[in-house]
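Have a look at the structure below before the remarks.
The values are calculated or read from the model by the stated rules, or taken from the named source; none is laboratory data. The structure displayed is predicted, hence computed values, not measured ones. Cβ atoms come from the backbone with ideal geometry, glycine included; neighbour counts cover every protein chain shown. Accessible surface is based on the protein model in full, side chains and every heavy atom, while ligands, DNA and RNA are left aside. Shrake-Rupley method; radii C 1.70, N 1.55, O 1.52, S 1.80 Å.
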Amino acid sequence: MIEIADLTKRYGSFTAVDSVSLTVEQGQFTVLLGPSGSGKTTVLRMINRMVEPTSGRVLLNGVDTATMRPESLRRTMGYVIQNTGLFPNMTIRRNVATVPRLLGWDRRRIEERVSEMLDLVGLDPDTYASKYPHQLSGGEAQRVGVARALAADPPVLLMDEPFGAVDPLTRERLQLEMKRLHAKLRKTIVFVTHDIDEAVLLADRIALLREGHLEQYAAPEKLWIEPASEFVKGFFGENLGLRIMARHCLSSVPFKPLDPSVSCAAAPHVEDSVTLKEALAELVGAKATKLIVCHEGAPRGVVDFETLVKALGDGSAPA
Amino acid sequence: MIGWRTRAGTLGHWAGVTVLGAVTAWMTFDATGFELLLRFLVPDQRAVLYPTKPLSVLMGEQVYLTMASSAIALVVGVTLGLIALSRAGKPFRDLIMSVGNLAQTVPSVAIMALVIPLTGYGAEPVVIALVLYSILPIMLNVVAGIESVSPDAIDAATGMGMTPRQRFLSVQLPLAMPVIMGGVKNMLVINVSAATLGAVVAAGGLGMPILAGFKEYNDAYILEGALPSITLALFIDRLLSPPDTRDEAVA
Ligand SMILES: Nc1ncnc2c1ncn2[C@@H]1O[C@H](COP(=O)(O)OP(=O)(O)OP(=O)(O)O)[C@@H](O)[C@H]1O
Ligand SMILES: [Mg+2]
């Protein structure tokens, strides 16, 4: 758990981060979101003490990080940056092994861990371990960056616009994989972005920053239903509801009961594995007022526009 | 995944190195053979081999002058470069650079003339002149090399918990190495030829037959000193130039 209390950073008379307080629970995916220059990177880098705060504290599991040796602190936090920062003079194997080597793991264990990590991010160790960073595509390099950050199994992962420099298609793939990795590993993640779609897709909670201030810190659903200010409302815009629909799976919605005579093949239908947004698109696309929800071909219920919107209404639908 | 072009490039590189090394060694150690070559090149000259010292000894002196001056310049240049880069040295950086610059503007011959009253004749004045001349390029290459390292790599190294020392040794220095080695190579190549100046101050070296040939109108002596000096310089240049591996390793 990371507790940030009254964290402030001034450069001369300029205040980059102004008294920000927020708590990131164990296993929670927090996104720091905000316009350029709003202080996202500065907050992130104060967590691993790459930037020393002017005032305020960061507690890691109750321990003030200011009392820890910066190097030891950083070895417990994976760190991923936009341009990967892979070491061009080292193979992918050596890159991924960086922190385990710093921690003095034995060679066998490092070798196994490197393979495991490359597998985890979807890169074949036999093909990739001996390559050099310049031989990788942007997306592959970013995966290696994630594998390297995870190598020593740190409980915390800090990521600064990790997918900012890759093409939109690759970015979407990486985002989905990040979501899968988080669901699987339950790391505590602090993730910086200025991409609203990315934030809404990934975050358990979004911290919206503006000129160094924390505007609101809440789940995307809550930001939509109860924006704390006009700025929050305006920042997310009209599309937030639709973006939130992309977070939820249709199978999590309470369906309306089914007329037992219908079959999946006969009427407009969707699989229950799609997102609410996809279901809505399907509804509109079929020019229908309701859809039959099917699970592997077997009808399970009916959804209509009302069900879909109500599912979000109280902001309680689980991700 | 090394393409055939890369392999051909690497092969050609080492072939070149071997040939230049072999030619230099042949001229140095096979006096009879080299004499034949010189006779062929300068047919109307009776004496073609410089009589005072055999070429192998002259070459030894040349290599000694080159290596001594280059080694000292390397140590001093790297040290000054690192000081200029260090936090404590930042304020003195311009000063260090301009002193290095100044040393380079004074002609080597003038430096030798100035230090001879202090050191006497022999190897010292040449070595001092070459050292002063070489410090700046080494220093510049150290600073440029370290500063060329991508800030992202440094940021990542710090963020993953490397100490400044670990970061310097395992990231900054290896990444700066090609640039630093480029400076070392240039220094060696320049010093190999500049060490011929040693003849002027009785430090020996390949400059002696050249000087004698100049005085006695004997082109064969000049060639005897110049040819091995040239091939040695080329040998060092090739040896320290990275092989052409374009499709493998443009970092
Ligand atoms: N070392 C520094 N010295 C002076 N000002 C700084 C320094 N670092 C950051 N700032 C300023 O602090 C503010 C916040 O910077 P920060 O990098 O945290 O923004 P950001 O939200 O990450 O922006 P972006 O989305 O563009 O990365 C900016 O106005 C920046 O100019
Ligand atoms: Mg930033």
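A few remarks follow.
- Kirkwood's formula applied to the C-alpha pairs of region A:96-191 gives a hydrodynamic radius of 13.8 angstrom.
- Within a Gaussian network of chain A (alpha carbon springs, distance under 10 Å), most fluctuating of A:Gln175, A:Gln135, A:Gln82: A:Gln135
- Summarising the overall dimensions of region B:162-244 from its C-alpha atoms, the Rg and Dmax are 18.7, 64 angstrom.
- Using the empirical formula 2.2 N^0.38 Å as the baseline, the Cα radius of gyration of region A:250-313 reaches a ratio of 0.97.
- Percent carbon-and-sulfur accessible area, region A:1-155, ignoring ligands, DNA and RNA, probe 1.4 Å: 46
- For region A:2-245, the Cβ-based charge dipole about the Cα centre amounts to some 820 debye (Lys, Arg positive; Asp, Glu negative; other atoms uncharged).
- Between B:Ala47 and B:Val106, the FRET efficiency from the beta-carbon distance, with R0 = 56 Å, is close to 0.90.
- Counting only heavy atoms of the protein chains and using a 1.4 Å probe, B:Leu197 has close to 40 Å² of accessible surface.
- Summarising the overall dimensions of region B:23-63 from its C-alpha atoms, the Rg and Dmax are 10.5, 31 angstrom.
- Over region A:2-245, the ratio between the Cα radius of gyration and 2.2 N^0.38 Å evaluates to 1.02.
- Annotation: per residue accessible area for chain A equals 45 Å², rounded to a whole number [probe 1.4 Å, protein chains only].
- Accessible surface of region A:250-313 [probe 1.4 Å, protein heavy atoms]: carbon and sulfur percent: 60
- For the protein assembly as shown, the Cα-based Rg and Dmax, in that order, read 34.5, 119 Å.
- Residue mean of other protein chain beta carbons inside 10 Å, A:64-76: 2
- Extents of chain B, taken as max minus min of Cα coordinates on every principal axis and listed largest first, are 72, 55, 22 Å.
- Its residues counted as N, region A:191-319 yields a C-alpha radius of gyration over 2.2 N^0.38 Å of 1.20.
- Applying the criteria of a DSSP loop state and at most 15 other Cβ atoms within 10 Å to the GluC sites (Glu not before Pro) of region A:189-289 yields A:Glu211, A:Glu238.
- Rounded to the nearest 500, the 222 nm mean residue ellipticity of chain B from helices alone is -24500 deg cm²/dmol, with -39,500 (n - 2.57) taken per DSSP H run of at least 4 residues.
- Pairs of alpha carbons in region A:156-259 whose separation is greater than 23 Å (percent): 33
- In Å², nearest 10: area of B:Ser170 left accessible to a 1.4 Å probe: 40
- Nearest 10 degrees, 0 to 90: helix A:276-285 Cα axis against chain A principal axis: 40
- The phi-based Karplus calculation (6.51 cos²θ - 1.76 cosθ + 1.60; θ = phi - 60°) puts the 3J(HN,Hα) values of region A:186-192 at 6, 6, 7, 10, 10, 10, 9 Hz, whole numbers, x for Gly and Pro.
- Solvent-accessible surface, computed for protein heavy atoms with a probe of 1.4 Å, shrinks by 50 Å² or more for the following residues of region A:82-99 when the other protein chains are added to the isolated chain: A:Phe87, A:Pro88, A:Asn89.
- Solvent accessible area, Å² - A:Asp18, 1.4 Å probe, full protein context: 50
- Degrees between helix A:107-120 axis and first principal axis of chain A (Cα, 0 to 90, nearest 10): 30
- Average other protein chain Cβ within 10 Å of Cβ, residues B:147-155: 4
- The B-A contact accounts for roughly 1800 square angstrom of buried accessible surface, both chains included, probe 1.4 angstrom.
- Shown here for region A:1-75: GluC sites (Glu not before Pro) in loop regions (DSSP other than H, G, I, E, B) with at most 15 other Cβ atoms within 10 Å, namely A:Glu25.
- Computed over the Cα atoms of region A:31-171, the ratio of the radius of gyration to the Kirkwood radius (Rg/Rh) comes to 0.99.
- Expressed to the nearest 5 percent, the antiparallel share of DSSP beta bridges inside the protein assembly as shown is 55 percent.
- Rolling a 1.4 angstrom probe over chain B with all protein chains present gives an accessible area of which 70% lies on carbon and sulfur atoms.
- Whole-number D in µm²/s for region B:1-98 (Stokes-Einstein; Kirkwood sum over Cα pairs; 4 °C, 1.567 mPa s): 71
- Region B:67-167 - Kirkwood radius from inverse mean 1/r over Cα pairs (Å): 15.2
- Per residue solvent-accessible surface (Å²) - region B:34-177, probe of 1.4 Å: 51
- For chain B, the longest principal axis of the Cα atoms and the long axis of helix B:173-194 meet at an angle of about 20 degrees.
- Note on the protein assembly as shown: with charges restricted to the Cβ of Lys and Arg (+1) and Asp and Glu (-1), its dipole about the Cα centre is near 880 debye.
- Taking the Cα centre of chain B as reference, the dipole from Cβ charges on Lys and Arg (+1) and Asp and Glu (-1) amounts to some 440 debye.
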